[in-house]
Amino acid sequence: MRTEDQLKGIATFVQAAESGSFALAAQQLRQTRSAVAKSIARLEARLDVRLFQRTTRQQSLTAAGQAFYERCKRVLAELEAAEAALDEGRRDLIGRLRITAPLLLGRHVFAPLLCRWAAQHPRLDLEIAFTDRVVDLVEEGFDMGLRAGPLPDSANLAARRLGAHEWVICAAPAYLQLHGMPVSAEDFTQHLAIVYRNPGPDSPWQAAGRDGQPVELRPHPRLRFDDVQAICDAALAGHGLARLPRWMAAPHLRAQTLATVWDGAHRLSTELHAVWPYTPHLSMKMRAAVDVLAAGVPALLLG
């Protein structure tokens, strides 16, 4: 049997031992459950020992399996350290890095940061695709995705938090002079709003009340757009209240062309993450890109 096949079988065994089930190991390795089971069976046949005790409800390592797992874990850790040492020894980042990012966040926050970083590495090719849909990274050949909000496919992905995407409810001074400043949550029902267009009925804005408890704000959605920049432009023109990303609203708040409507102490926020297909060893260029984003994104989100 070839050495690479032996190592692949050992890596599958370690993943199955740590996952607690062949099904979960298959998800994390992006294989079928049948492929994982066959790999374990071949390993047991080659070693002439049973590694797992299986029942219809659970699986667990045998005594021999536990001892083998401890040694295999050390071997894989040594291999990973050796690969990392080779990566660290390279003077520059090499190759192509394909990233997908939300449209506006990507253009205004992520792309400038990544482009400045890529400029320091002439042998690195950077490709960024801007889209608000959730991209299947493996299916479409992306190395990394930058995501805002929940991670519905997180079982198959590794992730690192990049910061909190804060929102602010604001309006143009001219609108507030005409309609007044909402003081309570109930006051919002008397106001017009520019909202993000979603399929289905309009949802209220989720916020924190003056006492810190959750509250729903229900202005009348007069205008609906599927582009946050268009919402910002309409708010600047005085057409109603808007819920905008803080980094987008900040320059207008400083210029006093927009005013905060809801107390800044009760900010709304959305988590931002970098995600990538699960792998036991992250390449140097990927690791560097994630570090640059984690270090630089939080300050940019403040605007």
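May I ask you to list the residues in the stretch 193-218 that are under 16 Å from GLY240 (Cα atoms) and surrounded by 19 or more Cβ atoms within 10 Å (Cβ to Cβ)? Residues satisfying the conditions are ALA193, ILE194, VAL195, TRP205, LEU217. Of all residue pairs spaced 6 or more apart or on separate chains, those with beta-carbon atoms under 6 Å, a first member in the stretch 186-206 that is within 18 Å of ALA174 (Cβ to Cβ) and a second member that is surrounded by fewer than 15 Cβ atoms within 10 Å (Cβ to Cβ) are LEU192/HIS220; LEU192/ARG222. Summed over the stretch 269-303, the residues that are of a type in the set (Gly, Ala, Ser), in contact with a Leu (Cβ under 7 Å, 6 or more places away or on another chain) and under 21 Å from LEU151 (Cα atoms) give a count of 3.
Quick check on the stretch 259-270. Is at least one of its residues at pLDDT 95 or above, outside the structural domain of ASP136 (by TED's automatic domain parsing) and more than 24 Å from the chain's Cα centre (by Cα)? So far as the stretch 259-270 goes, yes, one or more of its residues are at pLDDT 95 or above, outside the structural domain of ASP136 (by TED's automatic domain parsing) and more than 24 Å from the chain's Cα centre (by Cα).
Specify which of the listed residues (GLU80, GLU44) is acidic (Asp, Glu), under 26 Å from the mean Cα position of the chain (by Cα) and either at pLDDT below 85 or surrounded by 14 or more Cβ atoms within 10 Å (Cβ to Cβ) (or both).
Values: GLU44 fails: under 26 Å from the mean Cα position of the chain (by Cα).
Exactly one of GLU80, GLU44 is acidic (Asp, Glu), under 26 Å from the mean Cα position of the chain (by Cα) and either at pLDDT below 85 or surrounded by 14 or more Cβ atoms within 10 Å (Cβ to Cβ) (or both), namely GLU80.
Taking the criterion of being among the basic types (Lys, Arg) and either surrounded by 12 or more Cβ atoms within 10 Å (Cβ to Cβ) or under 15 Å from the mean Cα position of the chain (by Cα) (or both), the residues of the stretch 109-147 that qualify are ARG133, ARG147. Among the candidates ASP211, ASP233, ASP227, ASP202, single out the residue that is acidic (Asp, Glu), at pLDDT below 95 and over 27 Å from the mean Cα position of the chain (by Cα). The unique qualifying residue is ASP211. Note on the stretch 92-204: enclosed helices (runs of 4 or more DSSP H) holding 1 or more residues that are farther than 30 Å from ARG222 by Cα are 111-118, 137-140. For the stretch 118-175, a residue qualifies if it is among the β-branched types (Val, Ile, Thr) and in contact with a strand residue (DSSP E or B) (Cβ under 7 Å, 6 or more places away or on another chain), and the qualifying residues are ILE128, THR131, VAL135, VAL138, VAL168, ILE169.
The values are calculated or read from the model by the stated rules, or taken from the named source; none is laboratory data. The shown structure was predicted, so the numbers you read here are calculated from the model rather than taken from an experiment. Here the Cβ is made from the backbone with ideal geometry for all residues, glycine too, and neighbour counts use every protein chain on show.
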